[in-house]
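One structure below.
Where a number appears in this text, it was derived from the coordinates with a stated rule and is not lab data. Keep in mind that this is a model prediction, so the values were computed, not measured. Here Cβ is always computed from backbone atoms with ideal geometry, including for glycine, and neighbour counts include all displayed protein chains.
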Amino acid sequence: MPEQAAALAEQAADVVALQEIRVSSLPAWRAELAARGFAHVRSTLDDRDPRVQLPADRRLGVLVAARSELEPLDPPDGDLPWPERVLTVRVAGVELTNLHAPISTKADQVKVRTLETVFDHLAVPGGGPQVFVGDFNTPQYESREGEVHSFARTRSGRIRPDYGERHDAAELGMGTGLADYGYVDAFRVLHGYLRRDRSWVYPHGKMGYRLDHILVRGWDVEACEYRHDWRERGLSDHAAMWAALR
């Protein structure tokens, strides 16, 4: 964690959003972020008792840190099975949502239910400026022509019977669905679909997925890139990403 925190100093930022935070590391993260000028920190684990043992799937939370004051907002209203995976705050007058979606294979359709609830929260016609970031654990594939496949489909495009249409729709809502409500993919709006960046890559390095995203509404995207070097240095199994917004 100290090496991860030190890496943040390499990238200029006013706001930082992290996933896979644990109760045990939260005090250290607060101290490291404060030392780098991020005095305002909110986490979905702020009220967790570190003495309470939880199932492995429920031990990870998300965090947002900012140089200016953060206002915590109510979580998305609906069927949110793992509420510690979603954090909504207001910073500098803008609503920001940080998501770490469960993976598709988890029981009780926790991924589908999470994505549907977050979509309903964000898909408000005529809403104000929004920033939506995190590990969405989707899509499975993006073609150079802009065709997007969810993990509910095979590589040939057929729906997997064990996942179904609902799973497919929930994943697609995070990209093409929110586009109908004014959101743009900060990376794709600048680089198109010819860029083949993968934010998570298998250990053999030959295949991966672009699972981590920044979606925005009401902003001009001036720059957006992945920090693959942080993943290649072993700081995380995911590349970080950053965007400059105006």
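Applying the Karplus relation 6.51 cos²θ - 1.76 cosθ + 1.60 with θ = phi - 60° to segment 63-78 yields 3J(HN,Hα) values of 9, 10, 10, 9, 7, 10, 5, 9, 10, x, 10, 4, x, x, 7, x Hz, where x marks Gly and Pro. Across Gly146, Gly208, Gly182, mean-square fluctuation computed from a Gaussian network of the chain (C-alpha pairs under 10 Å connected) peaks at Gly146. Here the spin labels are modelled as points 7 Å beyond Cα on the Cα-Cβ line, and at Arg155 and Arg58 they lie 3.8 nm apart.
Along segment 36-49 the Karplus relation, 6.51 cos²θ - 1.76 cosθ + 1.60 evaluated at θ = phi - 60°, assigns HN-Hα couplings of 9, x, 9, 7, 10, 9, 10, 9, 6, 9, 4, 9, 6, 8 Hz to successive residues, with x for each Gly and Pro. Model label points for His191 and Ala244, set 7 angstrom from Cα along the Cα-to-Cβ axis, are 1.6 nm apart. A crude spin-label estimate for the pair Glu222 and Gln11, with each label 7 Å from Cα along the Cβ direction, gives 1.7 nm.
Between Met241 and Arg227, the built amide H atoms are under 5 Å apart, and every one of these is 5 or more places off in sequence or on another chain.
Computed 3J(HN,Hα) for segment 207-219, one whole-Hz value per residue from the Karplus formula 6.51 cos²θ - 1.76 cosθ + 1.60 where θ = phi - 60°, is 7, x, 9, 9, 9, 9, 9, 10, 10, 9, 9, x, 10, glycine and proline marked x. Of Arg153, Arg210, Arg51, the sequence from fewest to most neighbouring Cβ atoms within 10 angstrom is Arg51, Arg153, Arg210. Among Ser25, Ser143, Ser156, the ranking by other beta carbons within 10 Å of each residue's beta carbon, starting with the fewest, stands as Ser156, Ser143, Ser25. By the combined test of axial Cα extent (at least 15 Å) and Kyte-Doolittle hydropathy (mean at least -1.0), the qualifying DSSP H helices of the chain come to 110-122.
Over the chain, dividing the summed -39,500 (n - 2.57) contributions of all DSSP H runs of at least 4 residues by the number of residues returns a 222 nm mean residue ellipticity of -5500 deg cm²/dmol. Taken over the alpha carbons of the chain as equal point scatterers, the Debye sum produces base-10 log I(q)/I(0) values at 0.09, 0.10, 0.13, 0.18 Å⁻¹ of -0.37, -0.46, -0.81, -1.70. Quick check: the distance between the Cα centres of segment 5-39 and segment 209-246, to the nearest angstrom? Measuring centre to centre over Cα atoms gives 16 Å. Rg of the Cα atoms in segment 144-205, relative to 2.2 N^0.38 Å, amounts to 1.27. Near the amide H of Leu211, within less than 5 Å, lie the amide hydrogens of Ser199, Trp200, all on another chain or at least 5 residues away, with H placed in the peptide plane. When Lys and Arg each count +1 and Asp and Glu each count -1, what net charge do the other residues less than 11 Å away from Ala179, Cβ to Cβ, add up to? It works out to a net charge of 0. Ranking of Thr117, Thr154, Thr138 by neighbouring Cβ atoms within 10 Å, starting from the fewest: Thr154, Thr117, Thr138.
Measuring nothing but how far apart in sequence close Cα pairs (under 8 Å, 6+ apart) lie, relative to its length, the chain scores a relative contact order of 14 percent.
At full extension, His204 and Ala35 could sit 57.2 nm farther apart than now, given 0.36 nm per residue minus the alpha carbon distance. Choose one of Ser156, Val221, Gly177: the residue whose Cα lies farthest towards the positive end of the charge dipole of the chain (beta-carbon charges +1 Lys, Arg; -1 Asp, Glu; about the Cα centre). Value: Ser156.
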